[in-house]
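See below for the structure under consideration.
Just so it is clear, none of the values below were taken in a lab; they were calculated from the coordinates. The shown structure was predicted, so the numbers you read here are calculated from the model rather than taken from an experiment. Virtual Cβ from ideal backbone geometry, glycine too; neighbours counted across all protein chains shown.
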Amino acid sequence: MNMQTPITHTAAEEALIAALGKVDSVAKEAAARALAGIEKSGLPTRRVEAWHYTDLRNLLRDYPKPPRAIQSEFSSESLVDLPPLVEGYTLGFSNTFHVIGHLAGMPEGLSGTVGEEALTTTHGVPVEADTIGLINAGLAETGVVLAVQAGVKLAEPVILAHTCADETASNLRHSVRFGEGAQATFIERHHSSITGNFQSVVCNLVLEKGAKAVWVIDQELGVETTRLGQLNVELAEDTDLTILILNAGGRLVRQEVHVAVNGENANLAIKGVNLVGNDSHVDVTTTLTHNVPNTVATELFRNVVPGSGKGVFQGQIRVAQPAQKTDAQMACNTLLLSDEADFSAKPELEIFADDVVCAHGATVADIEDEQLFYLRARGIPERDARALLVKAFVEEVFEDFEDTELAGALVDRIESWLDING
Amino acid sequence: MIEIRNLHVKIADTDTMILNGVDLTVKAGEVAAIMGPNGSGKSTLSYVMAGKEDYEVTEGDILLNGESILEMEPDERAAAGLFLAFQYPVEIPGVPTMNFLKAAMNSQRKARGQDEFTTPEFIKKVKDAAGRLGISMDMLKRSLNTGFSGGEKKRAEILQMSLLEPKFCVMDETDSGLDIDALKVVSDGVNALRSPERAFLVITHYQRLLEHIVPDSVHVLYKGRIIQSGGKELALQLEEQGYADIIAKAA
Ligand SMILES: Nc1ncnc2c1ncn2[C@@H]1O[C@H](COP(=O)(O)OP(=O)(O)O)[C@@H](O)[C@H]1O
Ligand SMILES: [Mg+2]
């Protein structure tokens with residue numbers, strides 16, 4: 001037995017314990033488990049390997065109260081007011097209240113529901129009993145459970161919009177199943193007011209045989225908001241999934257992506273842009289597990305840190321012994337634009353099969369003087385020249401993204417962030 | 001047009017002197033050539049004119065139309081009409097050449113208080129100029145200089161020079177890496193730009209380029225100093241006899 005001295009809880013831990021203790025829904029058991037974990041060991045610190053670069057215990061300042069009513073000034077209206085990214089069928093949540101999108105108006109071929117069912121359904125995706133999974137399982141109050149029916153190709157994206165405001169907590173849990181041969185694009189959009197909000201969002205996705213999906217996470221939270229996000233994915237054979245992550249906000253952000261590649265000829269691409277604002281901490285942690293032969297995975301992240309922010313990328317690729325002919329490539333490139341900027345990249349390969357191609361590369365650089373001088377010598381002022389170089393660096397991520405309209409919309413979001421923060 | 005007075009230059013973060021008192025005047029309408037062995041400071045001179053920060057002027061001045069440019073930023077010098085065709089044009093992945101051209105042309109116009117070009121105006125200008133230089137529009141969709149062959153890079157420099165319509169053009173070894181046909185195309189491009197209002201400083205190793213772009217004056221730079229000046233026949237003499245004689249005489 002491990003002897004442990006009882007720990008002194010931080011303010012955030014105490015608030016979390018209090019919130020978990022009040023849960024009296026279908027999530028009651030999960031909440032009790034999460035509570036016990038935090039009570040005993042606290043939130044993870046840098047001594048926990050998975051959280052080495054994101055010391056949650058020290059970084060999480062507080063856990064605000066969940067709202068008991070729709071907040072007045074920053075609620076459904078502000079969700080409606082979000083600059084549209086692209087047209088699509090939208091289900092919107094203001095804190096945990098479903099405020100936009102009638103279920104009756106769902107496009108043909110999409111079915112599902114919104115509510116407590118989301119807390120107990122994962123479409124069979126095993127939920128890891130890790131920090132984000134446990135906290136969210138205990139605290140989530142609602143979410144969507146959706147299925148794209150077999151053989152259906154949705155013409156427009158499904159948008160899961162989410163905003164929170166007024167120093168509140170908002171925890172959502174979504175599950176989406178893509179039936180055999182289904183094709184669809186889903187977009188998670190996360191916004192918040194600039195006050196200190198907390199959100200956790202866990203999404204569980206299953207792609208059945210031959211399904212093809214794009215999953216976008218557009219995170220543009222206010223600068224004081226904390227976000228713990230997790231995407232758990234299971235891929236069957238012949239599936240094709242592109243995950244695109246844009247982090248362009250938040251004070252403390254951790255986005256996890258866990259993919260189990262369980263079917264042959266599955267093709268996975270994870271692309272991401274992390275724009276790390278002043279004083280913020282943005283962490284993307286991915287784990288890919290290849291369990292069967294002949295699958296392909298590519299990861300490409302481009303990160304820009306203009307001020308005193310800190311970015312983290314952890315990319316783990318596990319190739320199980322039967323997963324011969326796995327092709328997994330991972331690249332993480334960072335531009336640091338100031339001396340105070342910081343980025344840690346930790347690629348990790350665990351390979352038990354012998355006939356695989358796996359590679360990873362991480363670079364950290366600042367803007368090249370030669371390039372800057374060349375542009376300036378042509379009459380482009382320094383600020384514009386820098387912006388041109390930063391945009392070029394980031395936008396390579398979208399180079400062969402099929403949906404050019406969506407790519408263009410995300411590039412616009414990136415450019416407006418860079419205009420303000422770059 | 002341009003007046004270089006007693007220019008002394010060192011590398012900014014060391015005490016190594018590269019230019020040791022260069023004096024050179026190029027009048028409007030004139031084409032001046034600078035020749036000299038490797039390492040004599042030709043590229044340094046061109047970079048200092050363009051405003052590169054790696055170098056520090058310790059003495060002397062550079063005047064463009066009577067006004068010192070030493071305190072001006074590189075982009076301000078460009079907007080004032082100075083253009084440097086680089087010996088080694090820089091590759092910029094991710095910036096399509098067309099986007100770059102538009103940014104450069106409109107930045108300069110904005111700095112001069114002129115209206116920016118509309119997209120159709122801009123595209124027409126680029127198409128015309130590219131056509132004359134044998135540059136395909138496909139090439140201009142690619143990232144700036146990225147993966148361009150040596151010849152393509154030099155043509156792209158001349159394209160930029162044609163589009164930006166500078167008053168004073170410095171060309172640093174534009175002939176290196178060009179085959180005879182490309183040399184002809186590039187020289188024709190430059191000759192088309194010759195006018196009474198424009199001046200050129202052509203840096204080269206070889207007489208070959210000067211057969212196509214015939215200079216009004218030729219200057220020999222050696223160890224950071226102009227050691228001899230003359231007419232176009234000086235280039236011929238150097239071609240035949242090499243630098244040894246002139247260097248020996250200057251010493
Ligand atoms: N940034 C620099 N740092 C160190 N040495 C330099 C730098 N630029 C030029 N030099 C040196 O100055 C001298 C002149 O170089 P350069 O101007 O390139 O000559 P050229 O163009 O005539 O061949 C050379 O000895 C070169 O090595
Ligand atoms: Mg040179």
I need the phi-derived Karplus couplings for region A:101-106: 6.51 cos²θ - 1.76 cosθ + 1.60, θ = phi - 60°, integer Hz, Gly and Pro marked x. x, 8, 4, 5, x, 4
Could you work out how far apart the two model spin labels at B:E197 and B:R142 are, taking each label as a point 7 Å from the Cα in the direction of the beta carbon, and quote it in nm? 3.4
To the nearest 0.05, how large is the calculated FRET efficiency for B:L236 and A:E156 if R₀ is 60 Å and r is the Cβ-Cβ distance? 0.25
Let me confirm one metric for peptide A:393-401, namely the mean number of other chain beta-carbon atoms within 10 Å of its residues' beta-carbons. 1
Karplus-derived 3J(HN,Hα), 6.51/-1.76/1.60, for each residue of region A:241-249, Hz, glycine and proline x: 10, 10, 10, 10, 10, 10, 9, 9, x
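Sort A:364-376, A:205-217, B:236-248 for me by packing, meaning the mean count of neighbouring Cβ atoms within 10 Å per residue, highest on top. Could you put the intermediate results ahead of the total?
Values: A:364-376: 18.2, A:205-217: 22.5, B:236-248: 13.6.
Averaged packing, sorted descending, gives the order A:205-217, A:364-376, B:236-248.
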Could you state the number of Å between the C-alpha centres of region A:190-234 and region A:254-308? 13
I need the GluC sites (Glu not before Pro) found in region B:27-124, filtered to DSSP loop residues with at most 15 other beta carbons within 10 Å of theirs. B:E53, B:E71, B:E116
Positive-end residue, region A:124-228 charge dipole about Cα centroid, Cβ charges, pick of A:A211, A:T225, A:L172: A:A211
Positive end of the charge dipole of region A:71-367 (Lys, Arg +1 and Asp, Glu -1 on Cβ, about the Cα centre): tell me which of A:A328, A:G196, A:G309 has its Cα farthest that way. A:A328
For each of B:D54, B:D175, A:D240, count neighbouring Cβ atoms within 10 Å of the residue's Cβ, then give the residues from fewest to most. B:D54, A:D240, B:D175
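Please give the FRET efficiency for A:I17 paired with A:Q149, using the beta carbon to beta carbon distance and R0 = 45 Å, rounded to the nearest 0.05. Don't skip to the answer; put the middle values down first.
Values: r = 42 Å, r/R0 = 0.93.
FRET efficiency, A:I17 to A:Q149: 0.60.
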Quick one: putting +1 on the C-beta of Lys and Arg, -1 on the C-beta of Asp and Glu, what dipole do you get for the protein assembly as shown around its Cα centre, in Debye to the nearest 20? 400
For B:K125, list the lysines whose Cα falls under 23 Å from its own Cα; do not include residues on the same chain fewer than 8 positions away. B:K102, B:K110, B:K141, B:K153, B:K154, B:K167, B:K184
Cα centroid of region B:114-145 to Cα centroid of region A:392-422, whole Å: 24
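Rounded to the nearest 20 Debye, what is the dipole magnitude of region A:71-367 about its Cα centre when Lys and Arg each give +1 and Asp and Glu each give -1 at the C-beta? Write out the running numbers ahead of the final one.
Values: 15 positive and 37 negative charges, 54 e Å.
About 260 debye.
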Compare the Cα positions of B:G66, B:S107, B:Y243 along the charge dipole of chain B (+1 at Cβ of Lys, Arg; -1 at Cβ of Asp, Glu; about the Cα centre) and return the one farthest towards the positive end. B:S107
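In the neighborhood of A:Q314, defined by Cβ-to-Cβ distances under 12 Å, what is the net charge if each Lys or Arg adds +1 and each Asp or Glu adds -1? Please report the intermediate quantities before stating the final value.
Details: positive: A:R254, A:K346; negative: A:E49, A:E256, A:D283, A:E299, A:E348.
Around A:Q314, the surrounding residues sum to -3.
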Could you give me the radius of gyration and the Dmax of region A:153-253, taking only the C-alpha atoms into account and expressing both in angstrom? 14.6, 45
Sorted from fewest to most neighbouring beta carbons within 10 Å, what does the list A:F398, A:F352 look like? A:F352, A:F398
If you project the alpha carbons of chain A onto the principal axes, what extent comes out on each, in Å, largest first? 66, 53, 45
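Normalised by the residues of region B:1-133, what does the relative contact order come to in percent, with Cα pairs under 8 Å and at least six apart?
On the way: 147 pairs, mean separation 30.1, N = 133.
Contact order relative to length: 23 percent.
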FRET efficiency for A:D412 and B:S229 from the Cβ-Cβ distance with R0 = 56 Å, rounded to 0.05, comes out at 0.50
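Using a 10 Å cut-off around each Cβ, can you sort B:S195, A:S193 from fewest to most neighbouring Cβ atoms? Spell out each step's value before the answer.
Working: B:S195 11, A:S193 20.
Starting with the residue having the fewest Cβ neighbours, the order is B:S195, A:S193.
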Need the full-extension length gain, A:V357 to A:E87, defined as separation in residues times 0.36 nm minus the C-alpha distance. One decimal, nm. 93.3 nm
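Let me confirm one metric for peptide B:84-95, namely the mean number of other chain beta-carbon atoms within 10 Å of its residues' beta-carbons. Don't skip to the answer; put the middle values down first.
Numbers: counts 4, 0, 4, 0, 2, 1, 9, 4, 10, 5, 11, 9.
Mean shielding by partner chains, rounded to a whole number: 5.
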